[in-house]
1. Could you go through segment 127-142 in sequence order and give the Karplus-derived ³J(HN,Hα) for each residue, using 6.51 cos²θ - 1.76 cosθ + 1.60 with θ = phi - 60°, rounded to whole Hz, and x for Gly and Pro?
2. Only helical DSSP H runs with n ≥ 4 go in: add -39500 (n - 2.57) per run for the chain, normalise by residue count and round the 222 nm mean residue ellipticity to 500 deg cm²/dmol.
3. Hey, what do the phi angles of segment 58-64 turn into as Karplus ³J(HN,Hα) couplings, whole Hz, using 6.51/-1.76/1.60 and θ = phi - 60°, x for Gly and Pro?
4. Can you tell which of 123, 26, 132 shows the greatest fluctuation in a Gaussian network model of the chain with Cα springs below 10 Å?
5. Taking the number of other C-beta atoms within 10 Å as the exposure measure, put 86, 16, 9 in order starting with the fewest.
6. Can you tell me which of 77, 88, 125 moves the most in a GNM of the chain? Springs connect C-alpha atoms under 10 Å apart.
7. Tell me which residues come under 5 Å, amide H to amide H, from residue 65 once H is placed; ignore anything under 5 positions away on its chain.
8. Points 7 angstrom from Cα along the Cβ direction at residue 54 and residue 66: gap in nanometres?
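We did not get these values from a lab; they are worked out from the coordinates using the rules stated. Owing to the predicted nature of the structure, the values given are computational and were not obtained by experimental measurement. Ideal geometry is used to build each Cβ from the backbone, glycine not excepted, and the neighbour counts take in all protein chains shown.
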Amino acid sequence: MTTISEKAIVTLRADIKARVEKVWKLWTDPKHIIHWNKASEDWHTPEARNDLRVGGKFLSRMEAKDSSEGFDFTGHYTYIEPHKQIEYTIDDGRKVQISFDQCGNETSVIEMFEADRFHSIELQYKGWQAILNNFKKYTESSP
């Protein structure tokens, strides 16, 4: 993180069998985001927008498939180093940092985020890690 925070920092990791160029593209392209951005099979992301530049905004509309609930996950980018790192601030003020580290034909994605104060750290870890695991599965199965 580029700033010091009083909030708890949660760290996630996935080691993906793909080169960083592919990982970066599937992580940042809305036509791919809609396929992997979900914590469980009963949720989906019917809409994603991504203006990948410092100051650019993003949106992922996340909804339960039964339409019982949904929310917009939104924010703006504060730092981008292509194929290396992304930092953003969620619209609720929390900061997120994602690092992409290639070693051979594998890329490690390490995501750190400030936990919110409304849900347990364990619940937040499980939800965000589930999304990251879906990304790994989607990326490794995509041509």
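1. x, 5, 5, 4, 5, 5, 5, 5, 4, 4, 4, 4, 5, 5, 9, 8
2. Details: 3 runs with 37 residues, N = 143.
So the calculated ellipticity at 222 nm is -8000 deg cm²/dmol.
3. Result, ordered by residue: 9, 8, 10, 7, 10, 9, 5 Hz.
4. The residue with the greatest mean-square fluctuation here is 123.
5. Values: 86 21, 16 24, 9 13.
Ranked by crowding around the Cβ, least crowded first: 9, 86, 16.
6. The residue that fluctuates most here is 125.
7. 43, 44
8. 4.6 nm
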